[in-house]
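Colleague: I am attaching a structure below and will ask some questions about it afterwards.
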Amino acid sequence: QVHMVQSGGGSVQAGGSLRLSCAASGIIQAIYDMSWYRQFGSEPRQMLARITNTGRTEYAGSGKGRFTVSRDDAKNSVYLQMDNLKPEDTAVYYCKADVRVTTTRLRDDYWGQGIRVTVSS
């Protein structure tokens with residue numbers, strides 16, 4: 001079993017910053033891509049940022065230029081630094097990791113529990 005635990009959400013005023021963290025634990029043999037998504041209401045989750053196990057990054061959506069993804073493989077963790085936050089960034093944020101487990105050696109995607117970010121004007 002693999003567990004993804006998120007932290008760092010909360011409320012901030014427009015123009016402020018937040019740093020989201022996500023740590024994976026469990027029967028992990030390897031972690032490949034790690035990503036951040038967000039969800040507005042009941043809409044589908046949107047990919048914001050992805051970082052490969054070689055450190056290559058990719059960004060999508062309105063977070064480009066304001067959000068920075070990073071990872072610490074020693075801690076099995078991924079981070080999302082969000083700067084110059086806007087009210088329209090208010091959403092639930094999720095992390096995801098592509099993980100190969102030690103038992104079956106199968107790869108699968110594992111999601112964090114989601115964390116709310118609220119940006120007030």
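The values are calculated or read from the model by the stated rules, or taken from the named source; none is laboratory data. All of these numbers come straight from a predicted model, not from anything done at the bench. Because the Cβ atoms are built from the backbone with ideal geometry, glycine has one as well, and the counts that use them run over all protein chains shown. For the accessible areas, the whole protein counts, side chains as well, though only heavy atoms, and no ligand, DNA or RNA atoms are used. Shrake-Rupley method; radii C 1.70, N 1.55, O 1.52, S 1.80 Å.
Colleague: When you count, for each residue, the other Cβ atoms within 10 Å and take the mean per peptide, how do 31-41, 58-68 rank with the highest first?
Modeller: Listed from highest to lowest mean packing, they are 31-41, 58-68.
Colleague: So, with a 1.4 angstrom probe, what is the percent of accessible area on the chain that is carbon and sulfur?
Modeller: 45 percent
Colleague: Treating only the Cβ atoms of Lys and Arg (+1) and Asp and Glu (-1) as charged, compute the dipole magnitude of the chain about its Cα centre; round to the nearest 20 debye. If you can, show how the numbers build up before the last one.
Modeller: Values: 15 positive and 11 negative charges, 20 e Å.
Roughly 100 debye, rounded to the nearest 20.
Colleague: For the chain, modelled as a Gaussian network with Cα springs under 10 Å, which listed residue fluctuates most, 91, 30, 49?
Modeller: 30
Colleague: Under 16 Å Cα-Cα from residue 75, which lysines qualify once same-chain neighbours fewer than 8 residues away are excluded?
Modeller: By straight Cα distance, residue 75 reaches 96.
Colleague: For residue 53 and residue 111 in the same chain, what is the full-extension length gain: residue separation times 0.36 nm, less their Cα-Cα distance, in nm?
Modeller: Here the segment from residue 53 to residue 111 would lengthen by 19.2 nm.
Colleague: If you count only protein heavy atoms with a 1.4 Å probe, what accessible area per residue comes out for the chain, rounded to a whole Å²?
Modeller: For the chain, the per-residue accessible area is 51 Å².
Colleague: Quick one: P(r) of the stretch 12-91 from all Cα-Cα pairs, 10 Å bins, percents rounded to integers, in order of increasing distance.
Modeller: Spelled out bin by bin, the stretch 12-91 gives 17, 48, 28, 6 percent.
Colleague: Mind checking which lysines have their Cα closer than 16 Å to the Cα of residue 64? Skip sequence neighbours fewer than 8 apart in that chain.
Modeller: Answer for residue 64, where 16 Å is the Cα cut-off: 86, listed by chain and number.
Colleague: Oh, and also: Leaving ligands, DNA and RNA out of it, rank 27, 115 by accessible area with a 1.4 Å probe, largest first.
Modeller: 27, 115
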